[in-house]
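Presented below is the structure to which this report refers.
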Amino acid sequence: MDVKTGLFYLFAAVLLFAAFRVITSRNPVYAALYLVLAFFQASAIWLLLRAEFLAISLVLVYVGAVMVLFLFVVMMLDINVDSLREGFWKHFPLAAGVGALIALEMAAVLMGGFRLGEARPTTGAWRLTARTPSSWASCCIRNICIRWKLPLSSCSWPSWPPLR
């Protein structure tokens, strides 16, 4: 096992632990902090996949803005959690059935992508070769600035004359 695979398993294990603690934590502030940890671990996995833009946008948007706002609201409201948990076990069988159905549907959809016998070559504009930069962000920027420059610039041109 190489270093990348080991790091992936480490980040994935911490991500699963943090996600489990988000839904099992009794205190909403701790749940929000575990969610922040889960976002950071998902961002680290995106970095391993060389998707730097997605990693930094995940951290900036979700951790930097949404979670800070959520923590502020949770701390200011002082919600009574015990009254929210009263009907949990009454609806658990239905929720478990729906969760199992969703998991089976996801497995049925995703199993086609996990066939090891078929090697599909990458084609099209998003293929990375030895002559091109090797990061996903640079490939996206190159395609936007070169291949799609005319359509993007024509769409961004104002369709009305400026008022004088």
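The values are calculated or read from the model by the stated rules, or taken from the named source; none is laboratory data. Just so we're clear, the structure is a prediction, and the values are computed from it rather than from any experiment. Cβ sites come from the backbone with ideal geometry, for glycine too, and all protein chains shown count toward neighbours.
Here are some notes:
- Among (1) closer than 30 Å to SER138 by Cβ; (2) within 17 Å of the chain's Cα centre (by Cα), the one test that MET1 misses: (2)
- When we screen VAL61, VAL36 for residues that are free of Cβ contacts under 8 Å to residues at least 12 places away in the same chain and assigned to a helix (DSSP H, G or I), the only hit is VAL61.
- With respect to being of a type in the set (Gly, Ala, Ser), more than 30 Å from ILE141 (Cβ to Cβ) and either surrounded by 14 or more Cβ atoms within 10 Å (Cβ to Cβ) or under 13 Å from the mean Cα position of the chain (by Cα) (or both), ALA31 fits the description.
- VAL81 being modelled with pLDDT of 80 or more and closer than 19 Å to VAL22 by Cβ: no
- Only one of the numbered conditions (1) within 14 Å of the chain's Cα centre (by Cα); (2) of a type in the set (D, E, K, R); (3) at pLDDT below 85 is violated by GLU52, and that is (3).
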